Amino acid sequence: MPVSQPIASLLTRGWNSLQVYRHPRARVMLFLGFSSGLPLLLVFGTLSVWLREAGVERSTIGFISWVALAYGFKWVWSPLVDKLPIPWLTRSLGRRRAWLLLSQLAVAAGLVGMAFSDPQQGLPLLVGLAVLVAFSSATQDIAIDAFRIESAETRMQGALAATYMVGYRLAMILASAGVLWIADWAGGGEGYHPDAWRLAYLLMAASMGVGLVTTLLVDEPAEPPNDNEVERAGARRIRQWRGLPIWLADLLEWLWRAVVSPFADFLRRYRWQAVLLLALIASYRISDIVLGVIANVFYIDLGFTKTQIADVTKVFGILMTLVGAALGGVLVSRLGVMRMLFIGGLLAAATNLFFALLAQSGPRIGLLMAVVAADNLSAGLASAAFVAYLSGLTNVAYSATQYALFSSVMLLFPKFVGGFSGVLVEKLGYPGFFLLTAAMGVPVLLLVAAAWRWVPVNGGNDGT
């Protein structure tokens with residue numbers, strides 16, 4: 001057989017595989033991913049640069065990072081997003097698009113309010129508006145996850161997740177590097193210029209129009225059927241209680257179906273293993289997140305300019321994350337979820353050691369690029385494995401609420417610990433702090449090993 005024939009066959013199969021990205025929902029998720037990725041850094045990393053430039057203490061910036069804990073608590077109100085109709089909007093747009101539109105409008109309004117605030121004159125007001133943005137953004141994430149899961153069959157979810165990630169990361173470039181570029185250009189150089197930050201945040205509020213227009217143009221996904229026995233059995237018991245007023249029985253049944261059943265289903269399926277799973281989910285990203293709270297402050301203190309931070313840590317760094325995620329997706333399919341989960345956790349913790357080296361070397365742009373490349377590539381690998389793992393744990397009947405639970409638990413503990421990052425830097429110095437964040441990854445590897453042995457991954461290769 002000529003060599004050209006197998007090569008042509010391989011190219012044809014590769015081209016056919018890429019056709020999945022031509023699905024209309026894949027393009028929709030690109031724009032919704034952009035809308036989802038835009039607000040996060042505007043109340044987290046980028047906000048820390050603004051606050052530091054305005055003269056806010058590092059310890060205070062660390063505590064303000066707790067604003068992002070809203071993303072860790074979204075499981076609390078996710079049942080409302082799943083079940084509660086919004087007057088007029090739900091009837092006009094459908095349950096998913098209604099919550100999308102409301103949350104996107106709230107994010108845009110909060111960003112406008114932040115734009116007209118000044119941390120030197122009214123820090124509490126700015127923090128309050130950041131809380132509004134974080135809460136609304138977390139609500140948008142719940143609705144987008146539900147929209148994605150209900151928009152296409154299981155075989156399409158990989159493509160939807162991939163295009164979502166591309167949009168998300170592009171938005172993060174805009175919300176980080178873009179904002180720093182705008183603030184640097186509008187401010188005309190060094191020093192603190194409130195008007196420059198106002199312009200940058202106003203442009204970010206306008207950029208939420210991408211998500212708003214997408215929400216208004218797309219079709220509402222069909223509501224999936226739910227025949228879960230846990231939910232039906234509980235509802236039957238409530239109806240059998242004698243003496244309950246009809247309105248109270250209706251309320252209790254709604255609370256059982258919307259709030260209790262998703263968590264009862266998870267506990268029923270995994271029993272004692274649920275504790276191990278929640279511990280792993282809660283700690284897997286701890287090394288990256290705790291370091292990330294103070295990373296931008298570190299770059300400023302080390303002597304890098306806002307433009308250098310934007311170019312290297314935001315644009316270049318996010319591109320490296322996308323490369324890592326793409327590579328991680330291939331390796332997950334080749335090596336299995338659990339093997340890549342362990343490798344990703346090991347690399348994510350180990351690369352924090354490079355930051356300790358950078359802290360002792362001074363503002364060397366070449367070393368910064370090498371450190372950022374290693375850190376973001378490992379983060380992309382770890383994220384690809386982790387998303388695949390969480391997907392395997394989720395019951396499709398409760399995909400929105402259970403995914404919100406997992407993604408909330410993933411952020412809650414690390415962001416709480418991250419709030420003390422400024423205090424830890426003051427006590428340990430930057431090199432000691434980075435050594436500590438690397439050491440935080442050791443218990444994670446032990447949890448991965450335990451889950452690998454005792455909890456099978458549903459619906460995929462577990463790598464054993």
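Observations
- Paramagnetic reach from ARG91 (point 7 Å along Cα→Cβ, amide N under 19 Å) across the stretch 205-222: 220
- Computed label-point distance, nm, for sites ALA274 and LEU255 using a 7 Å Cα→Cβ extension: 1.8
- Straightening the chain between PHE416 and GLN308 buys 36.0 nm, computed as 0.36 nm per residue apart minus the Cα-Cα spacing.
- Straight-line cross-link partners of LYS83 among the lysines, defined as a Cα under 30 Å from its Cα and at least 8 positions apart when in the same chain: LYS74, LYS415.
- Neighbour-count ranking [beta-carbon atoms within 10 angstrom, fewest first] of LYS83, LYS74: LYS83, LYS74
- Sorted by Cβ density within 10 Å, fewest first, the residues TRP272, TRP454: TRP272, TRP454
- Ordering 40-52, 299-311 by mean Cβ neighbour count within 10 Å, with the highest value first, yields 40-52, 299-311.
- 17 Å Cα-Cα reach of LYS314 towards lysines, excluding residues that sit fewer than 8 places from it in its own chain: LYS306
- Dipole of the stretch 57-101, positive end: most advanced residue of PHE63, ILE86, TRP75 [Cβ charges, Cα centre]: ILE86
- Rounded D (µm²/s) - the stretch 271-458, Kirkwood Rh over Cα pairs, Stokes-Einstein at 25 °C, 0.890 mPa s: 144
- Rel. contact order, % - alpha carbon contacts under 8 angstrom, at least six apart, the stretch 274-418: 43
- Positive-end residue, the stretch 271-458 charge dipole about Cα centroid, Cβ charges, pick of TRP454, GLY432, VAL290: TRP454
Each value in this text was obtained by applying a stated rule to the coordinates, not by laboratory testing. Remember, it's a predicted structure, so these values are computed and weren't measured experimentally. Cβ atoms come from the backbone with ideal geometry, glycine included; neighbour counts cover every protein chain shown.
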